[in-house]
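What follows is a single structure, written as structure tokens, with notes after it.
The values are calculated or read from the model by the stated rules, or taken from the named source; none is laboratory data. Since this is a predicted model, take the numbers as computed values, not measurements. Heads up, the Cβs are rebuilt from the backbone with ideal geometry, glycines too, and the neighbour counts pull from every protein chain shown. Keep in mind that these areas ignore ligands, DNA and RNA; they rest on the heavy atoms of the full protein, side chains included. Shrake-Rupley method; radii C 1.70, N 1.55, O 1.52, S 1.80 Å.
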Amino acid sequence: MTLPAGAKDRYLAAFERAADGKGRPAWLRRLRGEAKDRFLSSGFPGVKDEDWKYTSVAEIEEREFDIAPRGGRLTASDVAAFLPADASGNVLVFENGRYRPDLSVRRSLPHGAHLGGMSEALSGGGDGLVPYFPRTPTDPFGDLNTMLMEDGAFLHVGKRVEIPEPIHLLFLTLGSERPFMVHPRNVIVAGEGSRVTVVERYAAVADAGCLVNTVTGIDAADGATVVHYRLQEEGSDAYHVASLRARQGTGSRFAAHSVALGARISRSGVHVLLDGEGAACLLNGLYMGNGERHVDHFTTIDHAKPEGTSREYYRGILDDRSRGVFRGRVIVRKDAQKTDARQANRNLLLSREAEADSRPQLEIHADDVKCTHGATVGPLDEEKVFYMRSRGIDESSARGLLACAFAGDILRRFDLPGVRRTFEEKVLARLPEADRIRGFFHDQG
């Protein structure tokens, strides 16, 4: 949809106020200008756009978001509340999208690895970042991020370097008198034969009327192993739009785990390109909705080379009047023979008013492949509820236990015990009779 004149003026003014020009490389200034022209011309996507058919962003377009205020109000205790108890690696903290080195935990990294703020990386010229800032974004929110980004995280892991401890990127928002927007830009580069795990988490210290519009780019070279966690738990007055784009080289391994629990409207876009022979990819996600939350996942796995393997498992638990949307697309290119791809999306409706839209898709251009997909939407199995009640479990607890087990199929694939336990507890807190069934996940682990 085309931006109204008033909105166009607001975003143009935000572009002029954003950190652009001084200390920024010329190539980025050009990208910003090009993104600005595209966004002001096209505006936000509308429901007539096929990729946004089930998710209206009219609320985002109508609200007047300011550039996030600078402050330094975040405290060490605020940060501690959002970290797993066993977090022992590096922690980069961002307040309203801006890096806070004073609250971050910086530990020594192996030789050949670099971690820091994106703003710092760009201030030195950042020519090495050029390949990781694509000139053609996937949608207008990518343009909006490019034109207004100020900071984010930059991680570069050299050839055959292994980082043993997970790296935590913690993005916290604090309330303000007026709605505001932040546009973090993260780049993760894993060199040939390297190994790294990154936990990217978005949360609100206090419920804030904000738009968080984030872009993360991941490049896994030949033989690299990258495990990425994305955890979103912002407040009910927040809007969250995220884009994750990953490219994989020959023999690389990439796993992307996600949990979406917050925001009034959230949209997570994932695009993975298996650009090397024998690459393997796992997408594993859980989303929960209550109240009138709207949660959307839009994924694409693009098999471009032979003998690639992909697994995609997403599950949604929807209550009250919430709505979940999943569209998963698997592409197998002509030369990607011997591809093995499996995709499954299951949705559990806990109320009659909850709604789920699921569209798994296969686009196959090769003939020697193994590809499957499937989707289910429905309430709890009443026979299973009856069976549990016949064993002396009350109905509310039985329903909570079944929903708990439904979510557990996704969470059990989390290889970080601290992160898994954190979100097991958050999932439990949203289910019926949470106190009675709290031990279930731990017993299963």
In segment 414-432, the residues that are under 21 Å from F82 (Cα atoms) and open to solvent by 20 Å² or more (accessible area, probe 1.4 Å): D415, L416, P417, R420, R421, T422, E425, K426, A429, R430
Hits in segment 318-332 - residues which are in a loop (DSSP other than H, G, I, E, B) and either open to solvent by less than 30 Å² (accessible area, probe 1.4 Å) or under 18 Å from S56 (Cβ atoms) (or both): R321, S322
Of all residues in segment 58-108 being touching a residue at least 24 places away in the same chain (Cβ under 8 Å), over 19 Å from the mean Cα position of the chain (by Cα) and closer than 24 Å to D296 by Cβ, the one that is most open to solvent (accessible area, probe 1.4 Å): E64
Selected residue (only one of P69, P84 is out of contact with any Gly (no Cβ under 8 Å at 6 or more places or on another chain) and part of a loop (DSSP other than H, G, I, E, B)): P69
Across segment 264-278, which residue is least open to solvent (accessible area, probe 1.4 Å) among those that are touching a Lys or Arg at 6+ places or on another chain (Cβ under 7 Å) and of a type in the set (A, V, I, L, M)? L274
Pairs please, first residue from segment 23-37 and part of a helix (DSSP H, G or I), second anywhere and of a type in the set (D, E), Cβ atoms under 8 Å, 6+ apart in sequence or on different chains. W27/D127; R29/D20; R32/D20; A35/D143; K36/D143
Which numbered condition S358 misses (of (1) small (G, A, S); (2) open to solvent by 20 Å² or more (accessible area, probe 1.4 Å); (3) within 29 Å of T309 (Cβ to Cβ); (4) part of a loop (DSSP other than H, G, I, E, B)): (4)
Do we have any residue at all in segment 175-184 that's at pLDDT 95 or above, of a type in the set (F, W, Y) and closer than 30 Å to Y11 by Cβ? no
Only one of R311, R315 that is in contact with a helix residue (DSSP H, G or I) (Cβ under 8 Å, 6 or more places away or on another chain) and open to solvent by 20 Å² or more (accessible area, probe 1.4 Å): R315
Taking segment 192-213 and keeping only residues that are out of contact with any His (no Cβ under 8 Å at 6 or more places or on another chain) and open to solvent by 10 Å² or more (accessible area, probe 1.4 Å), one is left with E192, G193, R195, A204, V205, A206, D207, G209
Give me the pairs: first residue in segment 149-163 and small (G, A, S), second residue crowded, with 23+ Cβ neighbours inside 10 Å and in a loop (DSSP other than H, G, I, E, B), beta-carbon distance under 8 Å, and six or more apart or on different chains, which are they? G152/G97; G152/P184; A153/P184; G158/S194
Could you list, in sequence order, the residues of segment 205-231 that are closer than 18 Å to I60 by Cα and either without any contact (Cβ under 8 Å) to a residue 60 or more places away in the chain or β-branched (V, I, T) (or both)? D207, A208, V212, T214, V215
Taking into account only those residues within segment 42-57 that are open to solvent by 30 Å² or more (accessible area, probe 1.4 Å) and out of contact with any Lys or Arg (no Cβ under 9 Å at 6 or more places or on another chain), which is nearest to P179 (Cα to Cα)? S56
Would you check which residues across segment 361-380 are open to solvent by less than 30 Å² (accessible area, probe 1.4 Å), within 22 Å of S396 (Cα to Cα) and assigned to a loop (DSSP other than H, G, I, E, B) and list them? L380
Residue list for segment 381-398, filter: out of contact with any helix residue (DSSP H, G or I) (no Cβ under 9 Å at 6 or more places or on another chain) and not in a loop (DSSP other than H, G, I, E, B): E382, E383, S390
Residue selected from segment 120-142 under the condition open to solvent by 10 Å² or more (accessible area, probe 1.4 Å) and closer than 16 Å to T216 by Cβ, by the criterion modelled with the lowest pLDDT: P137
Please work out which residue is surrounded by the fewest Cβ atoms within 10 Å (Cβ to Cβ), limiting yourself to segment 219-228 and to residues that are out of contact with any Lys or Arg (no Cβ under 8 Å at 6 or more places or on another chain) and in a strand (DSSP E or B). V227
T216 crowded, with 20+ Cβ neighbours inside 10 Å, under 25 Å from E277 (Cα atoms) and within 12 Å of the chain's Cα centre (by Cα): yes
